[in-house]
1. Does segment B:25-48 hold any residues that are more than 15 Å from ligand 1 (Cβ to nearest atom) and within 9 Å of chain A (Cβ to nearest Cβ), and which are they?
2. On the given criteria, is A:Lys28 open to solvent by 70 Å² or more (accessible area, probe 1.4 Å), charged (D, E, K, R) and closer than 26 Å to B:Lys60 by Cα?
3. Restricting to segment B:54-80, what's the tally of residues that are within 7 Å of another protein chain (Cβ to nearest Cβ) and open to solvent by 10 Å² or more (accessible area, probe 1.4 Å)?
4. Please enumerate the residues belonging to segment A:149-174 that are of a type outside the set (Asp, Glu) and free of Cβ contacts under 8 Å to residues at least 60 places away in the same chain.
5. Just give me the residues in segment B:14-36 being surrounded by fewer than 17 Cβ atoms within 10 Å (Cβ to Cβ) and within 15 Å of ligand 2 (Cβ to nearest atom), in sequence order.
6. Looking only at residues that are within 16 Å of ligand 2 (Cβ to nearest atom) and not acidic (Asp, Glu) in segment B:115-138, which one is farthest from B:Asp43 (Cα to Cα)?
7. Looking only at strands (runs of 3 or more DSSP E) that lie completely in segment A:13-117, which have at least 2 residues being within 11 Å of chain B (Cβ to nearest Cβ)?
8. Go through segment B:137-153 and count every residue that is surrounded by fewer than 18 Cβ atoms within 10 Å (Cβ to Cβ) and either in contact (Cβ under 8 Å) with a residue 60 or more places away in the chain or closer than 20 Å to B:Lys39 by Cα (or both).
Amino acid sequence: MFAPQFGYHRASSVAEAGELLRSNPGAKLLAGGHSLIPVLKLRLAAPPALIDIGRLAELRGIAVDGGSLRLGALTTHAELAASPELQRHAPALAQAASVIGDPAVRNRGTIGGNVAHADPASDLPTVLVALGAAFEIAGAGGERTVPAAEFFQGMMATALGDGDLLTAVVLPARPPGQGQAYVKFAHPASRYAVIGVAAALTVSDGACTAAAVAVGGLVPVPLRAPSVEGALAGGPVAADALAAAADRVAADLGDDLIGDVFASAEYRRAVAAVWVRRALEAAAQAA
Amino acid sequence: MVKVPVAVRVNGRLYEREVEPRLLLVHFLRDLDGLTGTKVGCDTSQCGSCTVLLDGMTVKSCTCLAVQADGAAITTIEGLAAENGALHPLQEAFWNQHGLQCGFCTPGMIFAAHEILRTSPDPSDEEIRHGLEGNLCRCTGYQNIVRSVRAAADAMQEGEG
Ligand SMILES: Cc1cc2nc3c(=O)[nH]c(=O)nc-3n(C[C@H](O)[C@H](O)[C@H](O)COP(=O)(O)OP(=O)(O)OC[C@H]3O[C@@H](n4cnc5c(N)ncnc54)[C@H](O)[C@@H]3O)c2cc1C
Ligand code: FES
Ligand code: FES
C-alpha cells in the first residue's frame, strides 16, 4: 500500500517544528509513525506535508524532579517500560507501556504520538487519566499546560490545535503506601485494548484511604470511575469489598460504549466489572 | 513531489539514493540490491514478516518511511551471517530445531528473536512468547520457534561463557 504523496521536512528544534507547522498549513507532525503511517497507507488522511520531529533529542527522556515525573514526548514505549524510575514512581504507566502492541511497535511508538492520536483503544491515556497527568504544549501563542481531564476530548480528539506541539507529559510520583496497576483485555490480533483499567489505591492499616480508577478501550475517551472510587474510600481492601466496588462501574460507563465485530458494546459493558476487579486486586496487592 | 536524499547503511554497505518521502523502508530495501529476504506479508504492521534491525533494534519496515532511516544502519536477513558465511546462532537454531516450514515468516521471526535475546539473554518460555507476539507464522504452530529461540539463547550464552 502506498500513502498519498506528501512533502517532507525534518525539524532540528521544537522552535523550527513550530515554524514549519505554521508555514505548511495542514501539515502533520511525524514522531514514531506507528499510528500516522498506517493512517496514511489506508488513505484515511492526506496531509500536504509531514514534519519529522523524530530526531529532537530535547523531547526525549524521563526526569524525576522531587514529587513529579516529566516524560519527554518522544520517549518510546520500550523506554517507558524499561525505566527503573517509572517502575518505581509510576508502575501502572510502565506496565501499560510494556503491553502495547509488540516489541517492534514499542521500539518506535512514542508517548506523545500515542496521546496526540487519542485512539480510544490505546493504553497510555487511561493510565494518564487515572494518575492525574498534565500535558505541556508549545503553540503559536507560547506554552501552556493542560490537565488530562481536559486534554482528551473525544474519539481521536484532543486539546491540541493546529500549530501545537506536545513537548512533555508530567505526572505525580507515587505517594508512599500507594499501589498501582494496569490490566488489559487485549485484542488477540492487534493487541490494542478492548478494555483497559488503571487503578491507584493508597492503603493504610488494611483500609483504602484514597482511590483513583480509570477505564478505557470501551469508551470514546478514558473515564474516571467515581462510583467505584467512592465505594472504595475508607473501606477495607478485602477481596469481597474490591469486587463490590468494581460492580459499581456500571454506573460510571454512560450510554456511549464502543462495540465492533470482535466485542459488542453489550459484551464490553457486561465484562467491564471483571477487569475493574482485577485492576483493584492487583493495585491492592502492590500497595 | 520533491525527492529527498537519504544515506542508509545496509548490511555494512552505504547506499545513497533520492527517494519519494512516502517510500516505505521495506520497498527501499527490497528494490535496492536484490535484498528480497525481507518480506511483505500483511502490509498493516501486524505480521512481522518485514521486521529488520534499525541501529540494532527491531522495526517493522512496512511501517517506517525510508526517510526515517536516513543516517541509520540497517541489518536485513542477508546481513546476519558472518562475512565468512558462518550462520548466526539464531539461524543455526531455527535450522536445527525445525523453526520453519515454508520460511516466509522466518527473516522476521529471526529478528524478533534477536530482539528478545538483546533485551533478555536468558528468557523464560513466557518471555519468548510475549516477545514473538508481533510475528505470525502460518505453518509451524510456534512450538519449534520457541524451541529455536531457547536453543539460540543457550548457544549464545555458551559462546560467551
Ligand atoms: C501493530 C500495532 C499495534 C499497536 N498496538 C497498540 C496497543 O496495544 N496499545 C496502544 O496504546 N497503542 C498501540 N499502537 C499504537 C502505538 O502506540 C503508536 O506508536 C502510537 O499510538 C503513536 O505514536 P507514534 O510516536 O508512533 O506517533 P505518530 O504515528 O508519529 O503520530 C500519531 C499522531 O500524533 C501526532 N503527534 C505525534 N507526536 C506529536 C507531538 N509531540 N505533538 C503533537 N502531535 C503529535 C501526529 O501528527 C499524528 O497525528 C499500535 C500500533 C501498531 C502499528
Ligand atoms: S508486512 Fe510489515 S508487519 Fe506485516
Ligand atoms: S514457516 Fe511458513 S509462515 Fe512461518
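1. Answer for segment B:25-48, where residues must be more than 15 Å from ligand 1 (Cβ to nearest atom) and within 9 Å of chain A (Cβ to nearest Cβ): just B:His27.
2. Yes; evaluated as a whole, the condition is true for this residue.
3. The number of residues fulfilling the criteria is 2.
4. Listed by number, the residues that qualify are A:Phe151, A:Met156, A:Ala157, A:Thr158, A:Ala159, A:Leu160, A:Gly161.
5. B:Thr36
6. Filtering segment B:115-138 for residues that are within 16 Å of ligand 2 (Cβ to nearest atom) and not acidic (Asp, Glu), the one farthest from B:Asp43 (Cα to Cα) comes out as B:Gly131.
7. A:49-52
8. Total meeting the criteria: 4.
The values are calculated or read from the model by the stated rules, or taken from the named source; none is laboratory data. All figures in this text were calculated on a predicted structure; none of them were measured in a lab. Don't worry about glycine lacking a Cβ; one is built from the backbone with ideal geometry, like all the others, and counts go over all protein chains shown. Calculation scope for accessible area: heavy atoms of the full protein, side chains included, ligands and nucleic acids excluded. Shrake-Rupley method; radii C 1.70, N 1.55, O 1.52, S 1.80 Å.
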